[in-house]
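To start, the structure itself, in structure tokens.
The values are calculated or read from the model by the stated rules, or taken from the named source; none is laboratory data. The model shown is predicted, which means the values in this text are computed figures rather than measured ones. With ideal geometry, Cβ positions are generated from the backbone for all residues, glycine too; neighbour counts draw on all protein chains shown.
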Amino acid sequence: MIDPKKTKHHDPKQDSGVRSQDSAKADDLSKKVEEAQKKDSEVKNQESAKQEIPASAGMTEGAGMKNEDESKKKIEELTNHLARCMADLQNYRRRSEEDKGRFVKFANAEMIKILLPALENLDRSCKHLPSALKEDAWAKGVLHTQAEIAKAMDKIGVKRIETVGKKMDLKFHEVLMQGPGEKEMITEELDPGYTLNGETIKAAKVKVGDGTKKD
């Protein structure tokens, strides 16, 4: 069963420290990329200069070929090193964006969980509105406000968890009671639950069937 009270709290300070470390890592990777590019350019310049030296300078053809092979090998090593540095930098940027998204998502979830009790009380009040007040202008205004809040919650990704008539799923439901009815099928909603972008922020408390028939 899911217990929202046991949800592990997130420490924003820890996120700040991680982002600082990530920023330092990004700077380090950028420096490595620049160094690798600089070395690559130097080796290529040296190779070009060697090719311009006339044969009369005393370099034998065999020695020239050996130096050329060494230069090509060095260029290949630097190119591979540069590619690895670029890959590390790209991976860092991707992880940084993912971490930023998770942080924003977590912050939204915490705020919504704080607001849920008040919103649920409003829903209960509107649900039990006396018949004599249904045509009252003030009561209609409250019902309109409730509908607008529901639309806003839906727009930011908050969905009410379906319960009655659905099969129990411990990812979304917390079973508090059992009674006559089809086994593991939800027969009654005791307290509503909600998801944010598909992830449970409050499990729905429900009653499920135990496999026995109703009298």
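Summary table below
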item	result
From E34, E120, E98, E70, residue being acidic (D, E), at pLDDT 70 or above and closer than 30 Å to E148 by Cβ	E120
Counted residues, segment 74-84 - those being crowded, with 16+ Cβ neighbours inside 10 Å and acidic (D, E)	0
A137 being surrounded by fewer than 18 Cβ atoms within 10 Å (Cβ to Cβ) and in contact with a helix residue (DSSP H, G or I) (Cβ under 9 Å, 6 or more places away or on another chain)	no
Boolean, G198 is surrounded by fewer than 12 Cβ atoms within 10 Å (Cβ to Cβ) and in contact with a Ser or Thr (Cβ under 9 Å, 6 or more places away or on another chain)	no
Contacts under 6 angstrom Cβ, first residue in segment 186-215 being more than 11 Å from V175 (Cβ to Cβ), partner among the aliphatic types (A, V, I, L, M) and surrounded by fewer than 18 Cβ atoms within 10 Å (Cβ to Cβ), 6 or more apart	E189/V164
Residue list for segment 146-185, filter: of a type in the set (S, T, N, Q) and within 31 Å of the chain's Cα centre (by Cα)	Q146, T163
The lone exception for K171 - which of (1) in contact (Cβ under 8 Å) with a residue 60 or more places away in the chain; (2) at positive phi it fails	(2)
Extreme residue, modelled with the lowest pLDDT, among residues of segment 176-196 that are of a type outside the set (G, A, S) and in a loop (DSSP other than H, G, I, E, B)	E184
Residue among A87, A107, A118, A150 that alone is surrounded by 15 or more Cβ atoms within 10 Å (Cβ to Cβ) and either hydrophobic (A, V, I, L, M, F, W, C) or not in a helix (DSSP H, G or I) (or both)	A150
